[in-house]
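Notes follow the structure.
The values are calculated or read from the model by the stated rules, or taken from the named source; none is laboratory data. Keep in mind the model is a prediction, meaning the values are calculated, not measured. Because the Cβ atoms are built from the backbone with ideal geometry, glycine has one as well, and the counts that use them run over all protein chains shown.
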Amino acid sequence: GKPTTLRLPILGTTEGFDGAKRAMDLIEDCPVLYPTEEEFGNFEKFVSSIGKRVCEIGLVKIVPPSNWKARQSYGCIESGQLDFPVRTPIEQHWVGQRGVYRQVHIVKPETTFQKFRAQAIANQPTDPPPDADAPDSDRW
């Protein structure tokens, strides 16, 4: 059918919560796909084949075959062998309070993967991560 156009609510206004709830009511559940070993073996081809089915939603969960194992080493990244241009890197910022947040993207100058990686590592927060068992109030 024809895609539904959603008018997104303006966060921080009285319509924010009700508008977001109305928008969420129109969104379908996220499709979950279970590719075969053969399909998963050529992941780029698999993603291309599902594009038309999931493009209206813009989100899909892909569950790998049960025998698939994640890569154990990323040596090519750590050694610097893997490098490519990052044409439009973005910096993400979250602003808001009391459950109403907005994400802001700042477009940065073109760089390379290795330069971007080095900058990301250098800008890691120095505060220890919050205790997972601590109450939410301790994290905010």
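What to note about this one:
- The listed residues are Gln103, Gln114, and the only one of them that is assigned to a strand (DSSP E or B) and at pLDDT 85 or above turns out to be Gln103.
- Of the residues Lys45, Lys69, the single one that is closer than 30 Å to Asp29 by Cβ and modelled with pLDDT of 90 or more is Lys45.
- When Pro85, Pro89, Pro35, Pro31 are checked against the criterion of being at pLDDT below 85 and in contact with a strand residue (DSSP E or B) (Cβ under 8 Å, 6 or more places away or on another chain), Pro31 stands alone in meeting it.
- Ile50 of a type in the set (Val, Ile, Thr) and part of a loop (DSSP other than H, G, I, E, B): no
- Given (1) within 26 Å of Tyr101 (Cβ to Cβ); (2) modelled with pLDDT of 55 or more; (3) part of a loop (DSSP other than H, G, I, E, B), number of the condition Arg22 does not satisfy: (3)
- Residue in segment 32-55 that is surrounded by 13 or more Cβ atoms within 10 Å (Cβ to Cβ) and of a type in the set (D, E, K, R) present: yes
- In segment 56-76, the count of residues that are under 18 Å from the mean Cα position of the chain (by Cα), without any contact (Cβ under 8 Å) to a residue 12 or more places away in the chain and assigned to a loop (DSSP other than H, G, I, E, B) is one or more.
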